[in-house]
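The values are calculated or read from the model by the stated rules, or taken from the named source; none is laboratory data. Model, not experiment: these values are computed from the prediction. All Cβ positions, even for glycine, are placed from backbone atoms using ideal geometry, and neighbour counts span all protein chains on display. Each accessible area value is taken on the protein alone, full model and side chains, heavy atoms only, with ligands, DNA and RNA left out. Shrake-Rupley method; radii C 1.70, N 1.55, O 1.52, S 1.80 Å.
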Amino acid sequence: MANKIDMVTLNVVNNQLISICREMGYVLMRTSYSSIFNEGLDFTCALATPEGEMIAVAEFCPAQIGAMPVTIEACLAEIPHDTLRPGDVIVHNDPYRGGCHIPEHTVLKPVYYGGELFAFFIIIGHIAEVGGTAPGAFIGDATEIFQEGIRIPPVKLVSEGEDVLDVWKIMLANVRTPRFNFGDLRALVASLNHGEKSLHRLLGRYDKRTIAAVMHEILDYSEGWMRKEIENMPDGVYEFTDYIENDGVVPEPYKLHVTITIKGASMLVDFTGTDKQALGPINANYAVTVSGTYNAILHDTDPDIPKNSGCFRPIKIIAPPGTIVNVDYPGPEVGGNTETHPRICAVVHGALSQCIPDKTPACDGCTAINLAFGGIHPDYNEAFSCYHIEGCGWGGRPWGDGLTMLCIPNGNCRNSPVEVFDTRYPWLTLEYKLLPDSGGPGKYRGGLGSERVVAATAPITISALGSNYETKPWGLFGGQGGSNAALHIKTKGSRKWKTIQEEFGTVCNGKFSGLRVEKGDMIRIRTPGGGGYGNPQARERALIQKDLEAGFVTSKSAREDYAYEEDLT
Amino acid sequence: MNNVYRKPSDKYYIEKYVKCPLCGKLVYEDTFADEKEGNKLFFCSEWCRDEYWRRSSAPSRRPFK
């Protein structure tokens with residue numbers, strides 16, 4: 001039986017557990033091979049109880065945080081506790097068994113102490129290359145899961161400290177960049193080992209019963225805090241609808257609908273009324289929908305609530321099977337984690353804006369602007385495969401402007417610096433800038449989107465999966481929408497920018513796969529700005545002048561959207 | 001209690017991904033199983049089972065589209 005723990009010890013030990021998870025992230029950052037790991041930081045490290053409840057997590061990629069309990073449960077359903085041994089590492093990436101999407105690889109390590117299973121360390125990390133019909137995993141026009149890459153069910157990657165060579169061989173034989181994948185998988189295992197050693201050190205400092213008690217009490221503590229937050233929201237039923245413009249296969253919009261019921265200290269988030277699953281890869285699965293919902297709620301509640309499974313207990317989610325929020329096998333779903341996840345966040349914010357308007361933001365860019373590409377690098381004579389993301393504008397908030405050119409809320413990833421991007425891949429970056437007037441006008445303006453122009457220095461195969469090329473991020477309470485995304489190509493010798501649809505005849509501008517660009521071709525990527533919050537004419541005049549001086553807003557927009565004449569004195 | 005997590009007895013592959021018909025969560029065991037018109041339904045919790053039947057009797061608010 002666990003001890004009762006005082007508040008000081010609870011917080012000190014909990015923060016040490018979180019620090020271990022952060023350290024694991026730094027190990028990954030410093031030892032991985034792919035830029036999506038060591039530059040993008042597209043991973044999350046956590047600690048869980050033997051029963052699979054997440055206790056501590058490092059603040060890397062929110063898309064993976066809420067999904068962790070679902071993923072752990074799936075792993076343990078197939079590899080039960082009595083088959084686990086010290087030194088084991090399980091690997092898993094199957095989106096139909098609790099994974100987010102195929103690139104997100106889960107690795108799970110049981111930690112034993114005194115001969116007993118004490119905890120699990122778990123990492124979900126984005127492996128850039130997973131096989132499939134084109135490099136980089138984002139098959140924007142996939143129609144079934146098999147086109148999206150190799151699925152790994154929960155299996156032992158390491159058994160009692162020894163590599164399970166057969167599994168490594170199968171995994172590395174099915175990807176275009178085995179050396180990079182090997183390096184990233186090794187980094188994941190090294191990070192787990194670091195976590196295990198650090199936890200053993202902590203167990204040596206405190207007694208086992210104290211740590212175990214903290215692990216269980218912190219869950220109750222978070223649950224209580226979240227219940228208080230929900231209790232402070234007015235009871236009621238709040239609904240919101242938004243649309244994803246197309247699925248990459250059929251050029252028609254898909255509806256995403258949510259009904260949130262607040263009753264006392266509990267919340268029911270029900271996606272009934274959402275469209276049935278898409279033919280193309282915008283489908284989310286249950287883990288993604290759960291994660292997207294938690295993500296939004298964590299944004300709209302006290303940021304100091306310890307992030308663990310406890311704070312999710314008061315929230316029940318209904319994601320009807322066979323819809324775009326819970327795809328049935330074998331529907332494609334790689335974009336569910338990057339396009340539908342932020343849209344799920346957006347509709348949850350939209351619904352909650354009716355009951356806690358002082359806490360919820362307007363819509364962000366709602367797309368990762370996924371660009372996946374690969375080929376043979378002429379300088380290194382080696383295959384490369386890259387998953388690249390761009391920042392968008394975030395929505396204006398009740399207390400301030402939206403963040404500018406930042407990876408959407410599900411990713412929280414960094415962009416690759418130009419120097420790294422151009423060195424590691426055969427592109428030359430020609431322009432990279434913020435887009436004036438891209439942030440939706442509002443009392444609190446939406447954050448700005450960006451524009452990047454790159455030229456291919458070798459033949460490259462590209463795929464894309466993005467959104468908001470036709471729709472705009474919405475504003476709230478009189479705030480206006482942000483700008484659209486756009487993707488253009490100018491082939492070598494041409495003077496005209498064309499959409500991908502015009503040049504290649506794809507169904508959609510932002511979702512396609514396996515297109516070849518030649519040396520000298522240029523690609524222009526524009527990302528959406530965030531929606532504005534509140535009436536633009538209520539914006540502080542000094543802030544508009546500041547925006548004009550910074551080049552964030554043009555004189556025309558200041559005049560037309562904000563009724564403000566530039567002060568040239 | 002039987003394991004319904006879609007595995008054949010040899011555990012080589014998945015036969016069927018079983019989801020709770022209300023909330024969509026994967027179901028691993030038949031603890032909250034029920035039956036509708038001869039078809040077995042596997043719920044993830046007592047709450048989902050009760051809510052499913054409550055909604056089924058209210059045609060204006062069915063859980064499926």
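Estimated from the Cβ-Cβ distance and a Förster radius of 30 angstrom, the FRET efficiency linking residue A:381 and residue A:144 is about 0.35. Once the Cβ-Cβ distance of residue A:26 and residue A:535 is raised to the sixth power relative to R0 = 51 Å, the FRET efficiency obtained is 0.70.
Straightening the chain between residue A:276 and residue A:239 buys 11.5 nm, computed as 0.36 nm per residue apart minus the Cα-Cα spacing.
Using only alpha carbons, the range A:279-412 has a radius of gyration to Kirkwood radius ratio (Rg to Rh) of 1.05.
For chain A, which longest stretch is free of loop sites, where a loop site is one of the GluC sites (Glu not before Pro) that DSSP puts outside H, G, I, E and B and that has at most 16 other Cβ atoms within 10 Å? Excluding the exposed sites themselves, the longest stretch runs over A:161-469. Sorted from greatest to least, the principal axis extents spanned by the alpha carbons of the range A:493-569 come out as 50, 28, 16 Å.
In straight-distance terms, cross-link reach from residue B:36 covers every one of the aspartates and glutamates whose alpha-carbon lies under 17 Å from its own, apart from those fewer than eight places away in the same chain; here that gives B:46, B:50, B:51.
For the protein assembly as shown, with all protein chains in place and a probe radius of 1.4 Å, 52% of the accessible heavy-atom surface sits on carbon or sulfur. Listed cross-link partners A:472/A:496; A:156/B:16; A:316/A:472; A:228/A:263; A:492/A:519 are compared with a 18 Å cut-off, the Cα-Cα value being larger for A:472/A:496; A:156/B:16; A:316/A:472. Pairs of Cα atoms nearer than 8 Å and 6+ residues apart set the relative contact order; for chain A it is 14 percent. Model label points for residue A:399 and residue A:4, set 7 angstrom from Cα along the Cα-to-Cβ axis, are 3.5 nm apart.
Accessible area per residue for chain A is 35 Å², calculated with a 1.4 Å probe on protein heavy atoms, without ligands, DNA or RNA. Here residue A:546 is the anchor, and the aspartates and glutamates within straight C-alpha reach of less than 14 Å, apart from those fewer than 8 places off in the same chain, are A:401, A:437, A:565, A:566, A:567. For a modelled paramagnetic label at residue B:31, 7 Å from Cα along Cα-to-Cβ, the residues of the range A:69-100 in reach, with backbone nitrogen under 19 Å, are A:69-82, A:98. Given the pairs A:255/A:511; A:276/B:25; A:276/B:40; A:443/A:556, which span a C-alpha to C-alpha distance of over 20 angstrom in this model? From A:255/A:511; A:276/B:25; A:276/B:40; A:443/A:556, over 20 Å: A:276/B:40.
Our estimate of slack between residue A:419 and residue A:19, defined as 0.36 nm per intervening residue step minus the Cα-Cα distance, is 141.0 nm. With Rh defined as the Kirkwood radius, the inverse of the mean 1/r over Cα pairs, the Rg/Rh of chain A is 0.97. Relative to the current alpha-carbon distance between residue A:172 and residue A:499, full extension at 0.36 nm per residue lengthens the span by 114.2 nm.
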